[in-house]
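First comes the structure, then the notes that go with it.
Just so it is clear, none of the values below were taken in a lab; they were calculated from the coordinates. Predicted model only: the values in this text are computed from it and were never measured. No Cβ is skipped: glycine too gets one built from the backbone with ideal geometry, and neighbour counts run over all protein chains shown.
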Amino acid sequence: MAGLYIHIPFCLKKCPYCDFYSLPYDEALVDEYISSLLKELSLYRISEPIETIYFGGGTPSVLKPAQIERIINRIVSLYKLTSKPEVSLEANPETLNRKVLEGFLSSGINRLSLGIQSLQDHEL
């Protein structure tokens, strides 16, 4: 079984403890990045079924659910997936609300990895 990691390098702000490559969120740059990512995905051939797709970053949850869905749809169109792949998204609690969570769920995300950017009850 294969796994696929998708790096989303955008963040609302750089966390002081983070050493990962990231950029400040910029909507125009995000759109350009997604277009390039969709093209790059078609350059690879993966013969094994994909069991896991992991959106890491940066903060992938700064993307709109429709943008995540667009990426997932491209992956599904290009590669064979197992019958129930785990599709994970790293998320900052600040970027989430019920509508966004429902959007991610309907886009195909079935697992969230919450960071510790916030420990505030109202955000969690």
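In a simple Cβ point-charge model (Lys, Arg +1; Asp, Glu -1; nothing else charged), the chain has a dipole of about 340 debye relative to its Cα centre. Think of the chain as a dipole: +1 on every Lys or Arg Cβ, -1 on every Asp or Glu Cβ, centred on the Cα centre; then among 41, 100, 29, 41 lies furthest on the positive end. Centre-to-centre separation between the Cα atoms of the range 1-39 and those of the range 77-101: 15 Å. Distance between the pseudo-spin-label points of residue 73 and residue 21 (7 Å out from Cα toward the beta carbon): 2.8 nm. A simple spin-label model places pseudo-atoms 7 Å from Cα toward Cβ; at residue 102 and residue 116 they are separated by 3.3 nm. With a simple spin-label model that places each label point 7 Å from the Cα along the Cα-to-Cβ direction, the separation between residue 31 and residue 46 comes to 2.8 nm. Relative contact order, whole percent, for the chain stands at 27, derived from Cα pairs under 8 Å and 6 or more residues apart.
Can you give the Rg to Rh ratio for the chain, taking only C-alpha atoms and Rh from Kirkwood? Rounded to two decimals, Rg/Rh equals 0.96.
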